[in-house]
Each structure stands twice: as structure tokens, then as C-alpha cells.
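J.: Mind having a look at this structure? Questions to follow.
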Amino acid sequence: QNSTWGSLNTANKFQKLHVDYEDITFQLTSVNNTSDWFDIRIRNDGETDLLIEKITVSDANNFEINLNGGSNPIGELTNPVAIPFGEFKTFSLRFYPKFGGMITAKLNIISNDIENSDTSILLTGYAI
């Protein structure tokens, strides 16, 4: 009996992170109060598993991340979280200003995306 076994070729396959937003502007919020939670969905438009390694915000004093938010939470990132092709994970974000005026920050998503391993989203909030 003769069997032929092929090998799985992943050399031309890729991961592609997709987020629906390039920037997010939060509703007008009073100092020391919070905006509503804003759910963010990360989708894998690639062909192999997308690994999310880290999600951070450059101003954690005025913006808060909840990795257990949304309809399909990404959860804690003690280890990279895999998102299979065509699927998505969520997290939530809110504005929690400590002073008045316009406040900006960057949300960074670190992944194994072949084209953009550090995806940034501009965050803007206005506090009174």
C-alpha cells in the first residue's frame, strides 16, 4: 500500500488585523466622570491565526480599557490570544477625564499582522 503525505505550506498565508475605526471621538464628559463604554471589534481578515499580544493606551489616566468588554471578549492578555480567520474578538474603552479640555491619546494593538504589527487608533475626548 502506497500513501503520499503532503506538508502544510503556510509560507504564502498571512494574518490581517481589521478594526472598524481609525479614530474615536468620545462624547462630551464631565471631569472625574466616565463616558459610556465603547466596544471595539478586532477581526482577522487574513488566512492564518491572528495573535493579539498587547492592547495599550498612551494615556491610561484619562482612558480606560476593559479587555472583558463587548460581545466576544478578548480577555486577559497574559499570553497572546489567537483570532482564527474570519472571526473577531472585542474589548471596551471609555473616557475618564481628570481635567477639562481636549484630551488625546493613542490606542495601540500589538499583533502578528504581517503588514502592521502595531496598529494605532487616535482617541479624542472633550472634558468640561
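J.: What pairs come out if I take residues in the range 21-50 that are within 12 Å of residue 126 (Cβ to Cβ) and assigned to a loop (DSSP other than H, G, I, E, B) and pair them with residues that are polar (S, T, N, Q) and modelled with pLDDT under 95 whose C-beta lies under 8 Å away, six or more apart or interchain?
T.: 35/27
J.: Right, another one. Need pairs with beta-carbon distance below 7 Å; first residue under 16 Å from residue 36 (Cβ atoms) and within the range 54-72, second crowded, with 17+ Cβ neighbours inside 10 Å and among the β-branched types (Val, Ile, Thr); sequence gap 6+ or separate chains.
T.: Close Cβ pairs (under 7 Å, with a partner that is crowded, with 17+ Cβ neighbours inside 10 Å and among the β-branched types (Val, Ile, Thr)) amount to 62/103; 63/57; 65/55; 65/57; 69/90; 70/90; 71/90.
J.: On the basis of being assigned to a strand (DSSP E or B), open to solvent by 80 Å² or more (accessible area, probe 1.4 Å) and more than 21 Å from residue 30 (Cα to Cα), does residue 54 make the cut?
T.: Values: assigned to a strand (DSSP E or B): yes; open to solvent by 80 Å² or more (accessible area, probe 1.4 Å): yes; more than 21 Å from residue 30 (Cα to Cα): yes.
Taking the combined requirement at face value, the residue satisfies it.
J.: Any residue at all in the range 48-60 that is more than 18 Å from residue 119 (Cβ to Cβ) and either modelled with pLDDT under 95 or in contact with a Phe, Trp or Tyr (Cβ under 8 Å, 6 or more places away or on another chain) (or both)?
T.: no
J.: Let me ask something else. Got a number for residues in the range 83-116 being open to solvent by less than 20 Å² (accessible area, probe 1.4 Å) and either at positive phi or part of a strand (DSSP E or B) (or both)?
T.: So the first thing to find is which residues in the range 83-116 are open to solvent by less than 20 Å² (accessible area, probe 1.4 Å), and the list is 83, 90-93, 95, 97, 103, 105, 107, 109, 111, 113.
This time we only want the ones that are either at positive phi or part of a strand (DSSP E or B) (or both), so: 83, 90-93, 95, 103, 105, 107, 109, 111.
The total comes to 11.
J.: Answer with yes or no whether residue 119 is open to solvent by 30 Å² or more (accessible area, probe 1.4 Å) and either touching a strand residue (DSSP E or B) at 6+ places or on another chain (Cβ under 7 Å) or at pLDDT 95 or above (or both).
T.: Details: open to solvent by 30 Å² or more (accessible area, probe 1.4 Å): no; either touching a strand residue (DSSP E or B) at 6+ places or on another chain (Cβ under 7 Å) or at pLDDT 95 or above (or both): yes.
Answer is no for this residue.
The values are calculated or read from the model by the stated rules, or taken from the named source; none is laboratory data. Quick caveat: nothing in here was measured; it's all calculated off a predicted structure. Neighbour counts are summed over all protein chains in view; Cβ atoms, including those assigned to glycine, are modelled from backbone coordinates with ideal geometry. Just so you know, the surface numbers come from the protein's heavy atoms only, side chains and all, with ligands and any DNA or RNA stripped out. Shrake-Rupley method; radii C 1.70, N 1.55, O 1.52, S 1.80 Å.
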